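Chemist: There's a structure below that I have some questions on.
The values are calculated or read from the model by the stated rules, or taken from the named source; none is laboratory data. None of these values were measured; they are calculated from a predicted model. Neighbour counts are summed over all protein chains in view; Cβ atoms, including those assigned to glycine, are modelled from backbone coordinates with ideal geometry. Just so you know, the surface numbers come from the protein's heavy atoms only, side chains and all, with ligands and any DNA or RNA stripped out. Shrake-Rupley method; radii C 1.70, N 1.55, O 1.52, S 1.80 Å.
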Amino acid sequence: MKKKISVLILIFGIVLTIRLFCGVYEHDEFAETNFFIKHRPTWKWRFYSPIGMSDMKIEELSKERQIEQQYFNEFITDQGLSR
């Protein structure tokens, strides 16, 4: 019984770690989905750029889309992943 509980706790820990430190992003130019490792833990799993390759400014977006673009910039663009 203790062995089953230990295995379940181990599996839960692994899944939680993957969820916090890994993610998927959609490339802003080619629309490809890529797996990546995050530089800090966050619950967010999927990242995309609302601006994409357009000439739009972040100030022109809605509040929700601005937040999404800031996440994309922090985790993808600033880390050199979407080049």
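Chemist: Would you mind checking the tilt of helix 63-72 against the longest principal axis of the Cα atoms of the chain, expressed as 0 to 90 degrees and rounded to 10?
Modeler: Value to nearest ten degrees: 70.
Chemist: While we're here: Taking +1 at the Cβ of each Lys and Arg and -1 at the Cβ of each Asp and Glu, which of T17, Q79, I37 sits farthest along the dipole of the chain towards its positive end, judged by Cα position relative to the Cα centre?
Modeler: In the chain, that residue is T17.
Chemist: Now a separate question. Once you charge only the Cβ atoms, +1 for Lys and Arg and -1 for Asp and Glu, what is the size of the charge dipole of the chain about its Cα centre, to the nearest 20 debye?
Modeler: Once rounded to the nearest 20, the dipole reads 960 debye.
Chemist: The stretch 5-80: which GluC sites (Glu not before Pro) are DSSP loop and have at most 13 other beta-carbon atoms within 10 angstrom?
Modeler: Taking the stretch 5-80 and a limit of 13 other Cβ atoms within 10 Å, the loop GluC sites (Glu not before Pro) found are E29, E32.
Chemist: Once phi is turned into θ = phi - 60°, what whole-Hz ³J(HN,Hα) does the Karplus curve with 6.51, -1.76 and 1.60 give for every residue of the stretch 27-33, x standing for Gly and Pro?
Modeler: Those phi angles translate into 4, 6, 9, 9, 6, 9, 9 Hz.
Chemist: Now for a different question. Could you grab the relative contact order for the chain? Cα pairs under 8 Å, six or more apart, rounded to a whole percent.
Modeler: That works out to 23 percent.
Chemist: Note the listed values (i) 6.6; (ii) 7.2; (iii) 5.1, then indicate which one is mean projected area of the Cα convex hull in nm² calculated from this particular structure.
Modeler: (i)
Chemist: Along the charge dipole of the chain, which of S62, F47, S6 sits closest to the positive end, that is, farthest toward it, with unit charges on the beta carbon of Lys, Arg, Asp and Glu (+1, +1, -1, -1)?
Modeler: S6
Chemist: How much accessible surface area, in Å² rounded to 10, belongs to the heavy atoms of L8 with a 1.4 Å probe?
Modeler: Only protein atoms counted, so the area is about 120 Å².
Chemist: I want to check the label-to-label distance for I58 and F12. Put each point 7 Å from Cα in the C-beta direction and report it in nm to one decimal.
Modeler: Label-label distance for I58 and F12, simple model: 3.7 nm.
Chemist: Once phi is turned into ³J(HN,Hα) by the Karplus curve 6.51 cos²θ - 1.76 cosθ + 1.60 with θ = phi - 60°, what whole-Hz value does each residue of the stretch 2-13 show in order, with x for glycine and proline?
Modeler: With coefficients 6.51, -1.76 and 1.60, one gets 5, 5, 5, 5, 4, 5, 5, 5, 5, 4, 4, x Hz.
Chemist: Something else now. Just to be sure I follow the definition: excluding the sites themselves, where is the longest run in the chain that has none of the chymotrypsin sites (Phe, Trp or Tyr not before Pro) in a DSSP loop with at most 15 other Cβ atoms within 10 Å?
Modeler: In the chain, the maximal stretch lacking such sites is 46-83.
Chemist: What is the calculated FRET efficiency for L81 to K2, with r their C-beta to C-beta distance and R₀ = 25 Å, to the nearest 0.05? Walk me through the numbers on the way to the answer.
Modeler: Details: r = 42 Å, r/R0 = 1.69.
Once the sixth-power term is evaluated, E becomes 0.05.
Chemist: Same structure, new question: Given a 1.4 Å probe and the protein chains all in place, what does the accessible area of R65 round to, in Å² to the nearest 10?
Modeler: Accessible area of R65: about 110 Å².
Chemist: Roughly speaking, to the nearest percent, how much of the chain's 1.4 Å accessible area is carbon and sulfur? Mind showing how you got there, number by number?
Modeler: Working: 3740 of 6240 Å².
So the carbon and sulfur contribution to the accessible surface is 60 percent.
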